[in-house]
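Q: My questions will all concern the structure given below.
The values are calculated or read from the model by the stated rules, or taken from the named source; none is laboratory data. Everything quoted here is computed from the prediction, not taken from an experiment. Using ideal geometry, Cβ is built from the backbone for each residue, glycine included, and neighbour counts are taken over all protein chains shown.
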Amino acid sequence: MELIIVFGWLLSTTNGEMTPPIQPAYSGCVSNVKCKCARDNVNQLTVDCSKMNLTEIPRMPDDTVFLNLNDNEIAEIDKGTFSNLPNLLSLDLSNNYIRNIDRHGFQEQKKLRRLDLSHNYVSLTAGGFEPGVFRSLTNLCYLSIQNAQQRDTSSYPDETFSDMLALTTLKIDGKRNAIFGEGFAKLQTLYMLKLSSDNCNMHTVYNNTFAHLPSLTVLDISRCYIHVIEPGALIPLRQLQYLDISNNVALSLDGLRNASFGLINGPISVLKANKLYPDFHLSVQLNNEHLEFLDQTNIKELFLDENQIELIDSNSGNICPKSMVKLSIIDNKFIFGFYIFQAYTCKSLKIFHGGYQHTTHIPYTQTTELKHVPTPIEDCTLMYNIESCKHDINKTICIDKNDEHIRKFLSNSNISGDLRSTEHSNSIPSLKQYSKSMPSVIQSISLPAGNSNKQNINSTHVSEKTTDFSDKGISFNVPPMLEEFHFQFADLKYEIPKIKFINGSVKFINVSGNSFYKLTGPLVGLEKLETLDVSDNLCSNVSNQFFENLKNLRSLFLGDNLFGLILMKDSEGRIFGNLSKLRTLVLSNNKISSLPVQLFSGLYSLEYLDISRNDLQILNFNMDRMKITYLNINQNQLSSLAQNVRMILTKQAKFNNVTIDLRNNPFQCDCSSFEFMKWVYNEKSQIKFNGFETYTCNVDNNNQSFIALGDLVWGFDKRCANYTVAIWILSISMILFVAVLIAGMVYRYRWKRRYLYYMTKRWYKNYNELHENDRDNYQFDAFLSYADKNLRFVKFTLLPKMETEGLHLCIHHRDFLPGEEIAANIANAIHRSRKTVVLLDDDFLSSYWCMYELNMARMESVYSRYGENILIVLLKESVDRSKLPLEIIDLIHKNTYIELPEVIMDMDIADMCRRLRDTIRD
């Protein structure tokens, strides 16, 4: 049944103008008038002759279905005016000068479903609307005759209205002290009555004002200058589900009490009682008696906005109707009181709106509506079936504009309250039970005085039960079913300490626009919280543990604060570290100049990140684990994007639709940002860059548009890329050249380095240089260098022979010191011997130590004997001289050597020893 509540406003969606889907308009369908004509998908003709300054109604095409004559100068509707339009379904005659309507003016319009006569001059009397004028309109379901320019105080012409048996929606001016007569009782399908208009002036709603409208489910009597609602006025309306008595500033909360008396045990679902006091009225205290009768209803949504309420009587017990799901107390004057801790008594409350407290008002007329008042139902878009006057309620979208900036991110969140069908009990009393309160003549019903002696919740007891102001923080019992808490722009100026929410099931909190200057926390008991808005609070400090328990948080709004400095210090990412399920994070306009690399490292599920309107010069935080699909960096100080950020965005674009907003950043187009430019150019087909056509960059002190980014990339590719490659090649070549040069020098002077090493050790041990003529200072006459295969020859043949000649020779098998390094023994033996004799054969050449002895002797000759040749070579004939090392070839070419046969035993040993002896002693 509650679907009818929204359905009631159906035909008011476009100010009375019905506009079905149509094809492009054309003109010429009406003679001598440039009306716009078009046909819809089922070939129904729409004719739009609005704002043509017409004084008479021209003849329309016979197949016209929708006709708009709004905003002309038509004064009369004569008989037969529309006689050629038997298929007309919608007729808009609003905003004309119509004073007279012939009773046969609509005689042929039996299919007409919608008629708008608002803003005309027809008197709302039997003279203005003669009986029978609507008799032919047997299918009319919508009629609007509001804002008539001629006003009167007589009763409504009920006989005229009694003919419209199919009427479901009636919009009409509320007349002073008028009642709806017996003729309205025939309108069994009339469910929506709207009296609210610029001309509504009812003053008093009597007990029998609506006595003949028992089928009403929607009643709007807002803005009607009502001073009094008699207690029994709404008793006849046993089907009423939606009631709006707002903007009647003389009514007060006592008027709300009178109205709610007539709703007892009824199916009322939505009650709007906003602005029942004038601006600048003294503050009001809300007491239990104001709402006591609502506890005996099925009220789901209650609106008490802008009523100057400052306190709720904490001694009044439970002031929440037991069935109330949504409560709105926007724009009042609430101050702190113990009544706050009685909130847990609202057992069924799911949605609470309490923002915009202590708002400064500028005097305005009663018809003006506040911006933050929830959007009226009639402003919602509904799909209308013209044949059945039904509505597609699933396509109704009623958005609270206060949270529109939040809700656009929460497409999968079912936040907005809706009207749900409710089965009411069979205990609704019949009118007979109220017969004493419904006399045939106007009389008043006296309500019982509010009972202030009921069993109440003592304020001290409540404090002990629900509040703990110890050092451990505050404990707060919340309504057990509360899901949404809206308290934005409520003039709150506090630090948020540790708060423990008991029995909390809250999913949505909006406390934006206050002055919560420090977020200390933690918040305990909000495990189900999914959306938190603390934006626009001028907050500069948030502790590491404030969010630690909000592990199911999906959306976090922290924009328009001063978190820049505190975020810079969070190098370990502890502030957001536990928000692994967070999808949306807004940090715009927070004076952020830099972000630590690990700040968002714990946000594994993050999809939307807004850090716009800050002072970021470098963007280099860790995004590896994020699932970013939207990154807003608009209006910062970025000259480019870091490579790791670009890589992550490119990777994400392969799996999801990625959008990035880089507008209003002072990008630099030079060689340092060339890779960024090239990335934007290459990825713009995969990544959506918001406002790409507005991107510019500075090129040689001139701003260049990114529209020509391809030319910029091409130009900088030539300017930057070659130098880069050349520098790399040159650098690598230089390094290789130096390395090869050093390696060559090391290899070439390897023997010199080794020799000098051992010489240094000897010098360290008080070594003295020896010369050839210092014969007595040498320990040996010669050092014999030979391969191990020649040991027998040396030991048993050469050595005895030479030593019998008086020579003292050194061989390594006999004379090397045990425990000394081989290399050191070799160097010492050569240095202590006057000559070095080398027995050169193939085995010698293949021996490492033999070659070492040869080269050490060469170094000794050059660096210790001043170029004196100390080498004596015994060369075997079998040695392949083409395979000799260069240093040996040089040696035997420059010095005389003794040649030995292949078989040593075949040679003249005595002669060889003599020659060798003479050479050593020479």
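Q: Sort out which residues of the stretch 636-658 are closer than 19 Å to Leu616 by Cα and either free of Cβ contacts under 8 Å to residues at least 12 places away in the same chain or not in a helix (DSSP H, G or I) (or both), and write them in order of number.
A: Scanning the stretch 636-658 gives Asn636, Gln637, Leu638, Ser639, Ser640, Leu641, Ala642.
Q: Select, from Thr467, Thr460, the only residue that is at pLDDT below 50, closer than 25 Å to Ile351 by Cα and out of contact with any Ser or Thr (no Cβ under 6 Å at 6 or more places or on another chain). Explain how you work it out, then say what you get.
A: Details: Thr460 fails: closer than 25 Å to Ile351 by Cα.
Exactly one of Thr467, Thr460 is at pLDDT below 50, closer than 25 Å to Ile351 by Cα and out of contact with any Ser or Thr (no Cβ under 6 Å at 6 or more places or on another chain), namely Thr467.
Q: Anything in the stretch 592-614 that is of a type in the set (D, E, K, R) and either at pLDDT below 95 or over 23 Å from Tyr517 (Cα atoms) (or both)? List them, or say none.
A: Start the filter on the stretch 592-614 by keeping residues that are of a type in the set (D, E, K, R), which leaves 607, 610, 613.
Result: Glu607, single match.
Q: Follow-up. Applying the selection to the stretch 263-292, what residues are aliphatic (A, V, I, L, M), more than 14 Å from Gln241 (Cβ to Cβ) and part of a strand (DSSP E or B)? Show your work before the answer.
A: Filtering the stretch 263-292 for residues aliphatic (A, V, I, L, M) gives 263-264, 268, 270-271, 273, 276, 282, 284, 286, 291.
If we keep only those that are more than 14 Å from Gln241 (Cβ to Cβ) as well, we get 264, 273, 276, 282, 284, 286, 291.
Those that are aliphatic (A, V, I, L, M), more than 14 Å from Gln241 (Cβ to Cβ) and part of a strand (DSSP E or B): Val284, Leu286.
Q: One residue is enough: does the stretch 601-616 have a residue meeting the conditions under 30 Å from Arg719 (Cα atoms) and in contact (Cβ under 8 Å) with a residue 12 or more places away in the chain? Outline the logic, then answer.
A: Of all residues in the stretch 601-616, those under 30 Å from Arg719 (Cα atoms) come to 616.
After this cut, where a residue has to be in contact (Cβ under 8 Å) with a residue 12 or more places away in the chain as well, the list is 616.
Yes, the stretch 601-616 contains at least one residue that is under 30 Å from Arg719 (Cα atoms) and in contact (Cβ under 8 Å) with a residue 12 or more places away in the chain.
Q: Any chance the stretch 657-667 includes a residue that's surrounded by fewer than 13 Cβ atoms within 10 Å (Cβ to Cβ) and under 17 Å from the mean Cα position of the chain (by Cα)? If you could, list the steps in order and put the result at the bottom.
A: Filtering the stretch 657-667 for residues surrounded by fewer than 13 Cβ atoms within 10 Å (Cβ to Cβ) gives 657.
Now narrow it down to the ones that are under 17 Å from the mean Cα position of the chain (by Cα): 657.
Yes, because at least one residue in the stretch 657-667 is surrounded by fewer than 13 Cβ atoms within 10 Å (Cβ to Cβ) and under 17 Å from the mean Cα position of the chain (by Cα).
Q: Any idea which residue in the stretch 260-274 is farthest from Pro231 (Cα to Cα), counting only those that are surrounded by fewer than 24 Cβ atoms within 10 Å (Cβ to Cβ) and more than 45 Å from the chain's Cα centre (by Cα)? Even if it seems obvious, please write down each step before you answer.
A: Just the residues of the stretch 260-274 that are surrounded by fewer than 24 Cβ atoms within 10 Å (Cβ to Cβ), to begin with: 261, 263-267, 270, 272, 274.
Now drop any that are not more than 45 Å from the chain's Cα centre (by Cα), which leaves 261, 264-265.
On the way: Phe261: 6, Ile264: 11, Asn265: 15 Å.
Out of the qualifying residues, it is Asn265.
Q: Taking Arg99, is it among the basic types (Lys, Arg), within 20 Å of Asn87 (Cβ to Cβ), modelled with pLDDT of 90 or more and surrounded by fewer than 21 Cβ atoms within 10 Å (Cβ to Cβ)?
A: On the way: among the basic types (Lys, Arg): yes; within 20 Å of Asn87 (Cβ to Cβ): no; modelled with pLDDT of 90 or more: yes; surrounded by fewer than 21 Cβ atoms within 10 Å (Cβ to Cβ): yes.
Against the criterion (among the basic types (Lys, Arg), within 20 Å of Asn87 (Cβ to Cβ), modelled with pLDDT of 90 or more and surrounded by fewer than 21 Cβ atoms within 10 Å (Cβ to Cβ)), Arg99 does not qualify.
Q: Please determine whether any residue of the stretch 582-590 is modelled with pLDDT of 90 or more and of a type in the set (D, E, K, R). Step through it out loud before you land on a result.
A: First pass over the stretch 582-590, keeping only residues modelled with pLDDT of 90 or more: 582-590.
From the residues that got through so far, the ones that are of a type in the set (D, E, K, R) too are 583.
Yes - at least one qualifying residue is present in the stretch 582-590.
Q: I've got another one for you. Given (1) modelled with pLDDT of 85 or more; (2) among the hydroxyl-bearing types (Ser, Thr, Tyr); (3) not in a loop (DSSP other than H, G, I, E, B), where does Ser348 come up short, assuming only one miss?
A: If we test Ser348 against (1) modelled with pLDDT of 85 or more; (2) among the hydroxyl-bearing types (Ser, Thr, Tyr); (3) not in a loop (DSSP other than H, G, I, E, B), just (3) comes out false.
Q: If I filter the stretch 671-688 for residues that are touching a strand residue (DSSP E or B) at 6+ places or on another chain (Cβ under 6 Å), in a strand (DSSP E or B) and buried (at least 19 other Cβ atoms within 10 Å of the Cβ), do I get at least one hit? Outline the logic, then answer.
A: So the first thing to find is which residues in the stretch 671-688 are touching a strand residue (DSSP E or B) at 6+ places or on another chain (Cβ under 6 Å), and the list is 687-688.
Among the residues that remain, those that are also in a strand (DSSP E or B) are: 687-688.
Narrowing the set further to residues that are buried (at least 19 other Cβ atoms within 10 Å of the Cβ) leaves 687.
Within the stretch 671-688, one or more residues are touching a strand residue (DSSP E or B) at 6+ places or on another chain (Cβ under 6 Å), in a strand (DSSP E or B) and buried (at least 19 other Cβ atoms within 10 Å of the Cβ).
Q: With the requirement that a residue be within 19 Å of Ser673 (Cβ to Cβ) and crowded, with 19+ Cβ neighbours inside 10 Å, what does the stretch 609-618 give you?
A: Leu616
Q: If Asn477 passes every condition in (1) modelled with pLDDT under 95; (2) out of contact with any helix residue (DSSP H, G or I) (no Cβ under 6 Å at 6 or more places or on another chain) but one, which one does it miss?
A: Failed condition: (2).
Q: Since Asn703 meets every condition but one in (1) more than 14 Å from Ser640 (Cα to Cα); (2) part of a helix (DSSP H, G or I), which condition does it not meet?
A: If we test Asn703 against (1) more than 14 Å from Ser640 (Cα to Cα); (2) part of a helix (DSSP H, G or I), just (2) comes out false.
Q: Give Ser328, Ser348, Ser323 a once-over and let me know the one that is polar (S, T, N, Q) and under 19 Å from Leu251 (Cβ atoms). Please lay out each step first, then the result.
A: Values: Ser348 fails: under 19 Å from Leu251 (Cβ atoms); Ser323 fails: under 19 Å from Leu251 (Cβ atoms).
Among Ser328, Ser348, Ser323, only Ser328 is polar (S, T, N, Q) and under 19 Å from Leu251 (Cβ atoms).
Q: Can you tell me which residues in the stretch 525-536 are crowded, with 19+ Cβ neighbours inside 10 Å and not small (Gly, Ala, Ser)?
A: Matches in the stretch 525-536: Leu526, Leu529, Glu530, Thr531, Leu532, Asp533, Val534, Asp536.
Q: Moving on to the next point. I'm trying to understand the selection: among the residues of the stretch 800-828, which are surrounded by fewer than 19 Cβ atoms within 10 Å (Cβ to Cβ) and either under 15 Å from Cys913 (Cβ atoms) or touching a residue at least 40 places away in the same chain (Cβ under 8 Å) (or both)?
A: Pro800, Lys801, Glu803, Thr804, Glu805, Gly806, His808, Ala823, Ala824
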